[in-house]
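K.L.:
Handing you this structure, nothing more for now.
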Amino acid sequence: MENTPLETLFTSHIGLLSLFTIGFIIAMAIYIFIFVRRHIREDVEAHERELGQR
């Protein structure tokens, strides 16, 4: 039986741990992107309100 890289990724303990790590990194990147985008938007709105009051 031939042991392909995809078979190793989905069946071995190290492969599953690698898959979990990749998924976790992608999820963290999405979270950080949304977090930063939301805070930038809040800062821009606060800055525009501040400029409008002057």
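The values are calculated or read from the model by the stated rules, or taken from the named source; none is laboratory data. All of these numbers come straight from a predicted model, not from anything done at the bench. Positions of Cβ are backbone-derived with ideal geometry, glycine not excepted, and every protein chain shown enters the neighbour counts. Heavy atoms of the whole protein, side chains included, go into the accessibility calculation; ligands, DNA and RNA do not. Shrake-Rupley method; radii C 1.70, N 1.55, O 1.52, S 1.80 Å.
K.L.:
To the nearest 20 Debye, how big is the dipole of the chain about its Cα centre, given +1 on the beta carbon of each Lys and Arg and -1 on that of each Asp and Glu?
P.N.:
Its charge dipole is roughly 220 debye.
K.L.:
Give me the percent of accessible area attributable to carbon and sulfur for the chain, probe 1.4 angstrom.
P.N.:
69 percent
K.L.:
State, to one decimal in nm, how far the label point of T21 lies from the label point of L6, with both points 7 Å from Cα in the Cβ direction.
P.N.:
2.2 nm
K.L.:
Could you state the accessible area per residue of the chain in Å², with a 1.4 Å probe and every protein chain left in place?
P.N.:
95 Å²
K.L.:
Full-extension gain between F35 and L51, please, as 0.36 nm times their residue separation minus the C-alpha to C-alpha distance.
P.N.:
3.3 nm
K.L.:
Hey, another quick one. Tell me the Rg and the Dmax, in Å, that the Cα atoms of the chain produce.
P.N.:
Final numbers for Rg and Dmax: 21.7, 75 Å.
K.L.:
For the chain, with the dipole built from +1 on Lys and Arg beta-carbon atoms and -1 on Asp and Glu ones, taken about the Cα centre, which of F33, L9, T21 lies farthest toward the positive end?
P.N.:
The residue sitting most towards the positive pole is F33.
K.L.:
Keeping all protein chains in position, work out how much accessible area I34 exposes to a 1.4 Å probe, and write it in Å² to the nearest 10.
P.N.:
Approximately 80 Å² for this residue.
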